[in-house]
Amino acid sequence: MIDLGEIENFTKEYWSKEDPIKKIKKESVDKKKYYFLDGPPYATGELGVHHVWVGVVKDVMLRYKRFRGFYVHDRAGFDVHGLPIENKVEHKLGLKTKEDIDSYGIDNFIEACKSFADEQVSGMIDIYRKYGSSLDFEDAYIPYKKNYMDAGWRMFKGIYDKGLVYSGKKALAYCPHCETVLSAQGPEIEYSDDTDPSIFVRFKVDPERSKDSRINIESNLYLVIWTTTPWTLPSNMAVAVNPEGLYVKAQFGDNIYIVAKDRLDAFAKSIDQSFTVLGEFYGSELQGIYYKGPFEDEIPKQREFAKFHRVLMEKGLVSMGDGTGLVHVAPGHGPEDFNVGFKNGIPIYSPVSDQAEYTDEAGGLKGIKIPDEANKFVLEKLKKDGSLLYRGSITHSYPHCWRCNSKLIYRSTDQWFIDIQKIKDKTIKANSKIKWHPKNTKEWQDDTLRNSPDWCISRQRYWGAPIPIWKCNDCDNTIAIGSAAELKEKAGLSKEPEDLHIPYIDNITFKCDKCEGTMHRVKDVFDVWWDSGIAHTASLSEEEWKRLFPSDWITESRDQLRGWFSMLIRTSVALYGKTPFKEVTIGGMVYDEHGMEMHRHLGNLILAKDLPKYVSADGYRLWCLGKPRWEDLKVKVSELKESDNIIVTYYNIMKLAREFSNLSGSDSKRVKKPNLALADKDDRWILSRINTIVKNSTELFDSYGIDQAINQMADFLVNDFSRTYLKIAKQKSEDMSTKKLRYLSNLINYVLYKFTVISSVALPFTSEYIYQKLFSIDGGSVFYEPWPKADIKYIDDNIEKEFDIAKELSSEILNLREKNSVRLRQPLSNAKVITRYNEVADAVAKLSNIIESLTNVKTISAEISDNLNLRIIPVFAKIGPEFKENSNVVSDALRKADPKELSEAVEKEGYYTLHTEKGNFTIKPEMYTISEDLIKENEEESKYGLIYLDTEITDDLKGELLVREIIRRIQMLRKEKGFSKSDRINVYLSADVALSALVKENIERIKKVTNSRSIDERLSDANGLEEVSFEISPGNSIKIAIEKNERGK
């Protein structure tokens, strides 16, 4: 049994001594650069299978680029600042609030965060290396290190000095637990279902102040709003309507309510009251209506704001599909509300503290916790004064903190921003110069950039890069400091500060240039996305940046379109006016085998450390690399095991190659180009195939078509090399001279050598192992080899097409065998192909011996005939992904097409134009098969014609099977005894009369195939050797003993 773990350990031990990547980088330092920018994973926990997936994709391209002679800048990176680690450390230390952190000591907390980050990074590196990552982990960029933070300050000052940084008040998402704002710029806000109150509330229209309205104002007239955030009602400042929407006055009992016409029935049903419509009008006629705010009696500040409590015309804010068509506006507690308030000159009223409690400005509500306590208080108040018309609940998607999972609130606070609006057009222009894989993701990124608000870069936390702005405590003058060196000079320090984190940096002050005041650093730290967003520059030294920028390629999953990719583009455009990377490959997401997201609580999470239970490192690499990068993955254990089976096949090919070398006396370390003049048809085919694979994989890797390259390699290894060529080679080697055997052995090694080199980018553990065992002359690594060139003289498109036909026909014949319960070891007399295609008949004629060998049929022939009932069968697996919503139309039309016309068009042009009601579609050969109606059980349909198989088993055929079984049993004994194929043996056997006769008839063949010096039918001469009994077939048994032939015996 092959232990793939032993192969991995062998290779790891070899790499630890040789360190080939380090040597390659040293030797290529003066060569053309290839700058890969690593997207930094958060160092907050154990890696999942998705982390390994993207790590493997990165690795395969870096290994390829090194082979191609580039100096590959491959520095790994890790994200370590921000809430992800803060929350982990808080939990570890038993801290729950900011106050707890202050008591523990901010300096102690910062040091604990550093230690946690270092520990996590170390564990992550071990996992990445376990799966073959060749990134430079020894010199990884870590954003908490001084050099990185210093570079970040320099970059920020550059943006600040361009006038792109400002401070201001905005209503942003706020985490009550973490006590900081969060930004929608990156994925800091996660949505999940929550249940909240769903209420209808009436606001009393003020007749006195509404005299100028266009509608009649009754004393019992109310505006009705709907909200799911009762806690924001104490901050209500206005009501918005759609000026183009239809509204009604409706009498409900003694009161008259204004609601949208389309929402009237739903509202009446909710409050369970009948109504009479008194009037209908457009929302624009509500202009000039004032109302009494719901908390004017309880909150003095709201009485001051009474003049703002009016109806606003805001079409964009108001939905007519839910609620009442009237929207409660609280500018201090929502981005849209904020914009409406700002536009209409309404104060931004947000009486909520950092601890998410009502402040003094909320009057008697001071100290009430938001949102739950506040919701309860508000509902009781509204019920008591009769304003609450309906109270229900709603389960809806609601924003939560990405790290502590607390429900977020929206709160207006003073923050620092980068003005994205000033550079938005430039970011979109820069994006147009980036090459995206797949192409349509460019438009996705355009949309993200086009709809971006200004970037809130400030956070009210501890573990992060401090924003390097110092502000005067007297005149409010602000300046940005661009480095630790500048700070040293500005503050008159004796040396640069060693640590740029808080609290250390906050102890440094200096005199204001404009007055005699003292400059103090503002208390905020950067948004953690600032750290990764400046990696294009901060991860490099100044000398490296001059040589390497911009990055040649990056890759991460599609969620980074609004995350990392956007941040990189914004910071680079703000600083340099250009894109920071040239090409990007978008990755999909990873799910379990049922398409569900993986979570611990669902019991379906597979961590990277658990993968060895299911698959080897190279097996996992092969599996995920064979999937299109941008598609979602479903982790299926059965598929992982299939990948390992391919690795086992690769290993077995190596063993077979070594056996051929031993049998022929050839040296696998001295591989020569095979002489085509001596090649058989199958030899010419495999030589063509390996060089086609080299050619194709080179072109595909150059264009980042990783999955296509890997799938072609895997298909070649399994179907072309192992199942086809080597099967033929083993059979024909039975009757070969030593000279021909040497030729065959060299050819196999030539093919395997080329494959070992090109596959090493994807299967580094197995390829290195095989290279060391077969090809390494001086102990050097496979990665020292040059990338193979395709030997054009070996490539023969015609013979490849002929073999495609032969392989397809062979597969169909094997299907017929299975259908008729005839095992492959049993020889059959003949098979016949009836076809309308000349090229099929020609292929059968030229490669009849190949098909016969693969199918164990004595003879095969082909007959051309037009008398076939042809039908076109669409291949949905190819049509669906290509034509998507039009796939059914295409399939129906394709079935009705003329098979002969289709075949002729494809043969001539390579495609067929299919006319349908939805337009014209290009049909390629892989999208269909042409089949014939079946006649008998021993006939099979194929896209090439009708196949007939003679399944009658004669006595001669039975006898041939028995001889083969005897040979197989001898070879099994050889293997069990540990003898190599090159070891000559003596065979002793005892059989019944029938078998004995067969042995005598075929003794020379048996001796040659089994490499036996003698075959003695007197088992008594075995001199005590172990005898093994076999039942060759029902009623036929044999006893066999073997020994290694000693010299002179």
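Every number here is computed from the coordinates shown, using simple stated rules; none is lab data. Keep in mind it's a predicted model, so treat the numbers as computed, not measured. Glycine gets a Cβ as well: all are built from the backbone with ideal geometry, and neighbour counts include every protein chain shown.
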Scoring segment 955-1044 by relative contact order with C-alpha pairs under 8 Å, at least six apart, yields a percentage of 37
Checked against the positive end of the charge dipole of segment 633-783 (+1 on Cβ of Lys and Arg, -1 on Cβ of Asp and Glu, about the Cα centre), the farthest of SER697, LEU687, ASN675 is ASN675
The value for segment 808-949 (convex hull of the alpha-carbon atoms, volume per residue, Å³) is 115
Filtered hits (aspartates and glutamates, Cα-Cα < 12 Å from LYS343, offset >= 8 within chain) -> GLU314
CD proxy, 222 nm, the chain: helix-only mean residue ellipticity via -39,500 (n - 2.57) per DSSP H run with n ≥ 4, per residue, nearest 500, stands at -12000 deg cm²/dmol
If amide H atoms are modeled at 1.01 Å from N in the peptide plane, then the residues at a separation of 5 or more from ASN830, or on another chain, having amide H under 5 Å from its own are LYS858, THR859, ASP950
Across the alpha-carbon set of segment 633-783, Rg over Rh with Rh taken as the Kirkwood radius works out to 0.97
Computed about the Cα centre, the charge dipole of the chain from +1 Lys/Arg and -1 Asp/Glu charges at the Cβ has a magnitude in debye, to the nearest 20, of 2460
antiparallel share of DSSP beta bridges within segment 808-949, to nearest 5, in %, is 70
In nanometres, the difference between 0.36 nm per residue of separation and the alpha-carbon distance of SER861 and LYS636 is 76.8 nm
If GLU46, GLU597 are placed from fewest to most neighbouring beta carbons inside 10 Å, the sequence is GLU597, GLU46
quick note, the chain, DSSP beta bridge pairs, % antiparallel (nearest 5) is 75
With Cα coordinates, the longest principal axis of the chain makes an angle with the long axis of helix 83-93, in degrees rounded to 10, of 90
Cα-Cα longer than 28 Å, checked against LYS435/LYS793; LYS754/LYS981; LYS846/LYS908; LYS26/LYS609; LYS249/LYS381, kept in input order, equals LYS435/LYS793; LYS26/LYS609
At 10 °C in a medium of viscosity 1.306 mPa s, segment 310-427 has a Stokes-Einstein diffusion coefficient, with Rh taken as the Kirkwood radius over alpha carbon pairs, in µm² per second, of 93
Across 20 Å bins beginning at 0, the whole-percent shares of Cα-Cα pair distances in the chain come to 10, 30, 29, 19, 10, 2, 0
For the table LYS315/LYS376; LYS896/LYS918; LYS636/LYS807, the rows whose alpha-carbon distance is greater than 22 Å are LYS315/LYS376; LYS636/LYS807
Taking Lys and Arg as +1 and Asp and Glu as -1, residues besides LEU246 with C-beta under 11 Å from its C-beta add up to -2
For segment 493-559, inverting the pair-averaged 1/r of distinct alpha-carbon atoms gives a Kirkwood value in Å of 15.7
Counting only residues 5 or more apart in sequence or on a different chain, those whose built amide H sits under 5 Å from that of LYS369 are ALA374
Ranked on Cβ counts within 10 Å of their own Cβ, fewest leading, MET61, MET598, MET713 go MET598, MET61, MET713
At the level of C-alpha centres, the distance separating segment 680-737 and segment 843-857, in angstrom, is 19
As a percent rounded to 5, the proportion of antiparallel DSSP bridges among beta bridges in segment 955-1044 is 75
Computed ³J(HN,Hα) along segment 712-723: with the Karplus parameters 6.51/-1.76/1.60, θ = phi - 60°, integer Hz and x for glycine or proline, the list is 5, 4, 4, 5, 4, 4, 7, 8, 7, 6, 6, 6
In debye to the nearest 20, the charge dipole size for segment 808-949, taken about the Cα centre with +1 at each Lys and Arg Cβ and -1 at each Asp and Glu Cβ, equals 420
Most packed first (mean Cβ within 10 Å per residue), the peptides 148-155, 356-363 order as 148-155, 356-363
Given the candidates ASN108, ALA709, PHE755, the one whose Cα lies deepest towards the positive end of the charge dipole of the chain, counting +1 at each Lys or Arg C-beta and -1 at each Asp or Glu C-beta, is PHE755
Packing-ranked peptide list from 769-777, 907-915, highest mean Cβ count within 10 angstrom first, is 769-777, 907-915
From fewest to most C-beta neighbours within 10 Å, the residues THR413, THR855, THR649 line up as THR649, THR413, THR855
Segment 421-500: Kirkwood hydrodynamic radius (Cα pairs, Å) comes out at 16.5
